[in-house]
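Here is the structure we will look at.
The values are calculated or read from the model by the stated rules, or taken from the named source; none is laboratory data. Just so it is clear, the structure is predicted and the values come from calculations on it, not from any experiment. FYI the Cβ positions are ideal-geometry reconstructions off the backbone, even for glycines, and counts take in every protein chain you see.
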């Protein structure tokens with residue numbers, strides 16, 4: 001299961017930072033409209049996703065159906081991404097995802113069917129959450145850069 005997801009995440013960690021560093025500061029920070037996130041805030045949202053999924057990937061291995069939810073708008077607002085240097089946001093995205101890549105690579109196969117409650121009507125397996133994490137990331141990265 002994980003080989004294709006691992007390969008995809010490795011690819012993204014390799015190419016995306018350079019593309020993000022190539023975006024001028026005005027374009028990176030400009031909000032497209034009221035209530036919309038800037039490109040920088042979208043990368044911030046992906047950091048928030050990484051943070052919450054990190055909890056899911058780790059706690060899902062040793063807790064019985066941990067409940068790990070988050071309010072994406074409140075997380076983005078209260079992380080103040082527009083006030084943080086772009087280089088820091090980009091480098092943190094890369095470093096965090098390289099760490100998650102190592103976590104994912106080392107989860108024993110026997111734990112991939114463990115369930116996590118993400119606040120919806122059903123629980124999800126670690127296997128599903130890992131795949132969903134990368135798919136969600138790619139969806140948002142395509143809003144920021146072409147690759």
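Among the residues of the stretch 34-51, is any over 13 Å from the mean Cα position of the chain (by Cα) and within 27 Å of residue 122 (Cα to Cα)?
No, the stretch 34-51 has no match at all.
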Exercise. Might you check whether a residue that is at pLDDT 95 or above, farther than 18 Å from residue 5 by Cβ and in contact with a helix residue (DSSP H, G or I) (Cβ under 9 Å, 6 or more places away or on another chain) occurs anywhere in the stretch 120-143?
Key: yes
Quiz item: When the stretch 93-114 is examined, which residues are found to be surrounded by fewer than 17 Cβ atoms within 10 Å (Cβ to Cβ) and in contact with a strand residue (DSSP E or B) (Cβ under 7 Å, 6 or more places away or on another chain)?
Solution: 113
